[in-house]
Each structure stands twice: as C-alpha cells, then as structure tokens.
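First comes the structure, then the notes that go with it.
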Amino acid sequence: MKHRILWLCTLTLVALSVAVSAGDGIPMGDAVFYPSVEAIYSHPDNLFMQDKSEPGGTWTDSYWAIRPTLGFEFPFKQSYVRFNLGYQYKDYDHYDISNHNTWLFDFDSKFKFSNNSVLTLRDHFLQGVQEIQKVDPGYEATFGNQKFDYNVFQAGYDFDLNQHNAMGVFGDWTTVNFSDKNTLSQPFYGYDQLSGGLNWKYHLNATNNFLLQYTYLQSKPDHSYSTIWVDTAPYKKYDSNELLAGWEGSVNRYFSGYAKAGYRKMSFNQNNYADFSGVVVDSAMKFNFTDLFKLDLNLYRLPYQSAYNVNNYYVTEGLQAQLHQQVTRYFFWSAGYLYQQNSYPNRTLGDLNGDGFIDDPIGYLTQGQKRRDDISRLFGELGFHVTRQLSMRVNYQHENRDCNINYWDVFGVHRHPFSYTEDRFTFQAQLGW
C-alpha cells in the first residue's frame, strides 16, 4: 500500500507541474538548483532471470519506484562544483525485496588554473540492492537481493607541455561491500581496487587528439564473508597493467567520440588458474545524421574479474547500436540492439578449494564444461515532452542469454542454470529542471 501512495503523490506532483514554466535549473544566488523526481512502473516476465527448467520456473511480477533527486551546481569562471543527492524507494507487487531504499551521492568538480592546467575530483557513492552492474559491469551477475555499498573516488590533473602536447596523471579508488549479514545469498563478492596512471595527448587540431594511456590496477577481493554465499574460489587478488592508444574528439558536426585499443595483463597471484593477457578495445562513437537524428555505436573487448566457479576472469566482446530521433518538439523515439559474448578460460569444477569436498553442487554436475554466454538485447522507447520540465516514456526490452552450461538432473530434466529469456515493459514519468 505504501508504494502505491508514493506513486500517487508523484503523479500528483507531475500533474501540477504541467502549468509550471522554468529554465534549465533554478538560480539560487551564486548556485543553480536542479530538482527532479521520477516515477516508474515496470513489469518483467522473468524477475530472477532464470531458465524455465529451473525449480520454480520463471517469476512474473511488477514493481513501482519513485526517484527524487536534488542537484546543486556552483559555477565560477571556468570551473565548477556539483553535488547530486538521489533516493529511490522500490517495491514489488509480490516479491519481498530485502531493502526498499537506494541512496546515491555524486560529487563532481573541475578547477581550471591560470596556466590552463585542470584538476578534477569526483566521487560516486551508491547504497543499493539490485544495481549490481556497478559491481560487475561485464554482466556476469544478473539478479541481486542483498544490500551493498559501492564507492569510487577519482582524481586527475592535466597540463599542457606545449602547443601540441599535454600530459595527465589520474587515480581511482573503488570499494564494494556487501553489508547485509542477514541475507544468505549474493550475486558477487566485495573488493577494494586502487588504480593510477598516466596519459599523453597530441593535439592533432583544435577538436581532435591522439592519445596514449597507461593504467596500473590492484584488486583485493573481500573473502571474509561474501564468498561463503558465492559459489566461487575466494582467492582472486590480482594486479593489472594496461597500455592503450587511440583517438578522441570531433571530426565534424556529424561524427565524434573516441576509440582506444591496446594490451592488458591481469596477474592473479593467489591461485594457479588462468591469467588474462591480450588485446582490449573500448570505443564509443556518435553519428549525427541531422540535428534531430543520431546513432550511438559502442564496440568493446574487455576482461572482468569473475565470481563463477574457479575462473579468475571472463572476457566480454560486444557491440551496441542505438538510434534516437526527436521527431517533433514534443515526440521522440529510440531503438537499439546489443550483442555480447562472455567467455571463460577454465573448465568448471565441483571442488573449488581442492580439499576433496564438493563446494559447488552445480559445478559438480557440470564438471569439465567451459562456460560461454551469448547475450542479445533488443530495446525500444517512445517518449513525449509534455513541457520543458515534464516527460513521459514507455519502453520495451527483450533479452536472451544462451549459456552452454547444462546438465541432466536426477529426474531426467535437462537444466540450463544460466540461460534465460526476459521481456520487460516500463513506464516512466519524469519532472525535472
């Protein structure tokens, strides 16, 4: 009942806002205030993203969510400081989620000095439950119901060497902690990561750069509690060295973005399973066919740490294309497609720790299989700007994960524990400045 009351309150605010007119942000002295609120209704037909052959089959449900956000910006000269505080209340019609509350805090700042050098400081904090792609961005984990804290602090300093050359130093510190000891399952393990590096840019012209970038990263998994409830070998500390070369900028009004490629090595020093060494690619390009019709294209090949069985990592290779068109002042649409393949280096084992006991029952039933997931996603959205502040959107997404891991259970049922299909319809109303 509570979530329906929150939903009705949000819709009331949205309805009242139709008559309100304001610009981008609300001036408050030397600051600019950016309030917004979003109401969401979504209906997934496979909540837990599991195959219909699994015990319980697929679970169809609906959820309601409300997301108010308060943002402040303090601009001065060519610098700024920004804060965003966000909150979400989420509840399902039938499923009992472990925690209804999600908190988000963002800090972003840029300080430009008289010698044209630039200092950037950023912090992104999330206390969430189901936003697990923050923890596992390659999308090995699909569903979570345990509260976790995620925080990444970033710092960078860029300066010009001369007219054509610029240097930069940067560092990141990321922490993930699954803190709810009352929940006996979780999708991934916690970790601490510390990274730093150097980049060099050669200014080809006023809008384009050739770049070289080196990054060192050290990752320490938290295996004190989390891996008790994750079927994986817990000792996966690693060091990573990465060297990338590429381009960033804007060729003309029709084409912009970046494309980087290079080599990365991940050395896991607490076990004898496979290390990663190979080519990595990261690119994001934007094609502006007209001022109102655009295509975004992403191509990538990246390794990520894994929580699957004895595998230290998996490699994700994929592409995503998305079209967006502002048809009229009020009406817009977007559509896209994603294909991604996640590949794993080591064959599945039932005895994760080599102590003669079965630690992973599914691993025991699928011993000797080398995992590969083929993920495809088709999505589309229709939207309508009621006013400059109010927009409404309805979208649809179909996702299919075809994983080769399979086994026959004692009842003769052919099970595919990591495969699924999901269809999701979502309605969103957003009021913001």
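Bear in mind that the values in this text are calculations on the coordinates, not laboratory data. In this text the structure is predicted, and so the values were computed from the model without any measurement. No Cβ is skipped: glycine too gets one built from the backbone with ideal geometry, and neighbour counts run over all protein chains shown.
Past the 13 angstrom mark, what percentage of all C-alpha to C-alpha distances in region 310-378 do you count?
73
Which pairs in the list K201/K236; K112/K147; K134/K260 are over 28 Å apart, alpha-carbon to alpha-carbon?
K201/K236; K112/K147
Return a whole-number percent for the relative contact order of the chain, with Cα pairs under 8 Å and 6 or more residues apart as the contact set.
The normalised contact order for the chain reaches 12 percent.
If you average 1/r across every pair of different Cα atoms in region 85-228 and take the reciprocal, what Kirkwood value do you get, in Å?
Result for region 85-228, one decimal place: 17.7 Å.
Can you give me the C-alpha center-to-center distance between region 382-433 and region 83-97, rounded to a whole angstrom?
17
Placing +1 at every Lys and Arg Cβ and -1 at every Asp and Glu Cβ, with all other atoms neutral, what dipole size does the chain have around its Cα centre, in debye to the nearest 20?
So the magnitude is around 1020 debye.
For the chain, with a Gaussian network of springs between Cα atoms less than 10 Å apart, report the residue from S114, S185, S277 with the top mean-square fluctuation.
Result for the chain, Cα springs under 10 Å: S114 fluctuates most.
In nm, what is the difference between 0.36 nm times the number of residues separating D61 and D296 and their Cα-Cα distance?
Using 0.36 nm per residue and subtracting the Cα-Cα distance, I get 81.4 nm.
FRET efficiency for F159 and F287, Cβ-Cβ distance as r, R0 = 35 Å, nearest 0.05?
So the FRET efficiency works out to roughly 0.60.
Note the per residue figure in Å³ for the convex hull of the C-alpha positions in region 147-208.
It comes to 101 Å³ per residue, whole-number rounded.
For region 291-336, count the residues as N, evaluate 2.2 N^0.38 Å, and divide the Cα radius of gyration by that value, please.
Cα Rg divided by the expected 2.2 N^0.38 Å: 1.84.
Output the Kirkwood hydrodynamic radius of region 121-164, Cα pairs only, in Å rounded to one decimal.
With all distinct Cα pairs of region 121-164 included, I get 13.0 Å.
Å³ per residue of the Cα convex hull, for region 279-433?
Output value, Cα hull per residue: 154 Å³.
Starting from the Cα coordinates of the chain, work out the convex hull volume and express it per residue in Å³.
It is 155 Å³ per residue.
List the equivalent ellipsoid semi-axes of region 29-169 in whole Å, largest first, each obtained as the square root of 5λ for an eigenvalue λ of the Cα gyration tensor.
Semi-axes (√(5λ), whole Å): 40, 20, 11.
Determine the gain in length on full extension of the stretch N406-N241; use 0.36 nm per residue of separation and subtract their C-alpha separation, reporting nm with one decimal.
Between N406 and N241, full extension yields an extra 55.9 nm.
If you average 1/r across every pair of different Cα atoms in region 94-148 and take the reciprocal, what Kirkwood value do you get, in Å?
For region 94-148, inverting the mean 1/r across all distinct Cα pairs yields 13.9 Å.
Given N residues in region 346-433, what is its alpha carbon radius of gyration divided by 2.2 N^0.38 Å?
Relative to the 2.2 N^0.38 Å estimate, region 346-433 comes out at 1.77.
For region 255-326, what are the per-bin percents of Cα-Cα distances with bins 5 Å wide, up to the bin holding the maximum?
4, 14, 20, 16, 13, 11, 9, 7, 5, 2, 1
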